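None of the figures in this text is laboratory data; all of them are computed from the coordinates on show. What you see is a predicted model, and the numbers here were worked out from it, not measured in a lab. Methodologically, a virtual Cβ is constructed for each residue, glycine included, from the backbone with ideal geometry; neighbour enumeration extends over all protein chains shown.
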There are 2 protein chains.
Amino acid sequence: MKLAEIYGHFQSDIKIIEKELEETIQARHEVLRQASTDLLHAGGKRIRPVFVLLAARFGTYDIQALKHIAVSLELIHMASLVHDDVIDDADLRRGKKTIKSQWDNRVAMYAGDYIFAKAVQTAAYFDSRSIHLIISDAIMEMCIGEVEQIRDQFNWDQNLRTYFRRIKRKTALLIAVSCKLGAIAANAPIDVQRRLYLFGYYVGMSFQITDDILDFVGTMEQLGKPAGGDLRQGNVTLPALYAMYKEPKLKTIIQSSLTKDEPFEDMTDIINQIKASGGIEYAVTISDRYLQKAFDQLEALPDVEAKTYFLQLASYIGRRKF
Amino acid sequence: MKLAEIYGHFQSDIKIIEKELEETIQARHEVLRQASTDLLHAGGKRIRPVFVLLAARFGTYDIQALKHIAVSLELIHMASLVHDDVIDDADLRRGKKTIKSQWDNRVAMYAGDYIFAKAVQTAAYFDSRSIHLIISDAIMEMCIGEVEQIRDQFNWDQNLRTYFRRIKRKTALLIAVSCKLGAIAANAPIDVQRRLYLFGYYVGMSFQITDDILDFVGTMEQLGKPAGGDLRQGNVTLPALYAMYKEPKLKTIIQSSLTKDEPFEDMTDIINQIKASGGIEYAVTISDRYLQKAFDQLEALPDVEAKTYFLQLASYIGRRKF
């Protein structure tokens, strides 16, 4: 099933979110406005807003209130992308020029700060301490995840636990929080909030693992950048972790070829060896395991229509090719 | 009058703030904790917290509630310093190594993000939409100010208005907001809130102009870095603006000596010519004018003891040598 088909069922509400995003991002300052608008139009799956909306279907659904949560979470995601780009020396994201390459690193940093603050402001629609605490906590966890990623770059001896903890902070938590806040804003029962949070968390883990797989198996055209970019930048993800564990010789090759300072462009051979080690299959298995856990949570939730969409979305996200 | 003497009158409450800052900054992650703690211990005048506390004396003073606002504002200030350092290539701030030089730029960016989020979280003690809106708005204005500063770097044709708007956003607004939030948290009357806001704004303008003057007249020992650093980095401040307007020849010299890419280390001659142009005296006059406006606002405020302290503080800030 394609994403567009799934989204088709709640197209009108997604349009409301897009419009609200567009209006929210009309920064008072031209440079910031331009930067944010470009990012907005670069697209994206709007996973977090959609999860907010669907989670809210388990309570009292009011799109005019919910949209503030949905927009706030997408803004946090956008801000983190902007700051990621400052960091990753990524010149292409989603095939478009990033804010960083278009303006410069320093503007990108403040644009990210601005978008973070805007996210907080948008969430202030709700006069609720707990919403603010959850949002600020999610941002802090993301920062910790990023700092851990920096610390662990080019560290070829890290273990699985380090990897899982990092992707939890970097990706899964914000999706879990999207579900939880949607449920809170819709006044869903506490146990439903908790289950939705777990559902989002498991989907988020599967999502990131799939992303990490795609970085190895995608084509230049699909990725908008050469494959193996994560590893090239010293970011050790699940397929590589498995491959290095399985093939100590490969670990030695990676260790000596990929360093912080020396250029190394052709990842083809390393990618092929990771594929040959079974690293991709292993990562797919783990991703599927998280997906199954997500389905289990979904199963136990009340029977509302949104369940079907969540099921379709989770399957899409965890097993997508692109 | 020395700062320590003025602070002596409310020493116990400042200690509460320091303790709260210390506890708040205990990040869950070692790198971020270390980074924040170093910054905290590097000191600073804690102007924003003190303004929160004094403003609250015009209403119902409750230090246990107020400390959250005070800490939140100091954290925003700290976060902005951290991000400033990423940008300014400043290797020294307050004579200590900055987070950036100690770790690296990327960690500094996330440390700043983390501290921003912590500031928002701290303010969530108050279940108040308006407090969140004011805080997020202040952060956004600061971002705009920073982006404008970047845009205007090495632009020798900017006018006074550009300068004043920039320092308003970069410095004065957060001090104004400190006063306003202190007053709001203490339930002071609306007109008192407004007056305190204006008072903070005028003091903030005077504060920044004084800072900009000190960058020219300070010694290496006082500044912890060589004089003329602002101008060297292309940041055009009031004394330089005046001097270039008064002495077109000097403008030509500055224009040709100071460029983004070429090294130029000895600022002595340029600094002396700016001094000779009367630029320092002019900036002092403008700073004093703002200070007088601040005093006028103070005059019209109800007679509480805090007025005396505010008066002393404003005089100190606007006329300080260091």
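Things to note:
- Between copies, residue A:34 shows label-point distances of 4.0 nm, shortest first, with the point placed 7 angstrom from Cα along Cα to C-beta.
- Per-residue mean of foreign Cβ neighbours for B:134-146 is 6 (Cβ atoms of other chains, 10 Å radius).
- Residues B:29, A:41 arranged by fewest to most Cβ contacts within 10 Å: A:41, B:29
- Cα lying deepest toward the dipole's positive end in region B:3-318, options B:274, B:286, B:61, charges on Cβ: B:61
- 10 Å Cβ neighbours from other chains, averaged over peptide B:148-159: 2
- Whole-Å distance, taken between Cα centres, linking region A:157-199 and region A:18-91: 18 Å
- What separates the residue B:233 label point from its copies, with the point 7 Å along Cα to Cβ, is 2.6 nm, written shortest first.
- Coupling constants for region B:206-218 follow from the phi torsions by the Karplus curve (6.51 cos²θ - 1.76 cosθ + 1.60, θ = phi - 60°), and in residue order they are 4, 4, 5, 4, 4, 4, 5, 5, 4, 4, 8, 9, x Hz; glycine and proline get x.
- A simple rule links phi to the HN-Hα coupling: the Karplus curve 6.51 cos²θ - 1.76 cosθ + 1.60 with θ = phi - 60°, which for region B:261-274 gives 9, 8, x, 8, 9, 8, 8, 3, 5, 4, 4, 4, 5, 5 Hz, with x for Gly and Pro.
- Based on alpha-carbon atoms, the Kirkwood radius and the radius of gyration of the protein assembly as shown give Rg/Rh equal to 1.00.
- For residue B:235, residues with placed amide H under 5 Å, excluding near neighbours: B:154
- Rg/Rh for region B:3-318, where both radii come from Cα atoms and Rh is the Kirkwood radius: 0.97
- Counted by neighbouring Cβ atoms within 10 Å, the residues A:40, A:313 run from fewest to most as A:40, A:313.
- The fewest-to-most ranking of A:67, B:45, A:15, A:293 by surrounding Cβ atoms within 10 Å reads A:15, B:45, A:293, A:67.
- Peptide A:28-41 shows a mean partner chain C-beta count of 2 within 10 Å per residue C-beta.
- Counting only residues at least eight positions apart within a chain, or on another chain, the lysines with an alpha carbon under 16 Å from that of residue A:180 are A:67, A:168, A:307.
- Length-normalised contact order for region A:3-318 - Cα pairs under 8 Å, 6+ apart - percent: 20 percent
- Kirkwood Rh (inverse of mean 1/r, distinct Cα pairs), region A:207-322, angstrom: 15.5 Å
- CD proxy at 222 nm, helix term only [per DSSP H run n ≥ 4: -39500 (n - 2.57); per residue of chain B; nearest 500]: -23000 deg cm²/dmol
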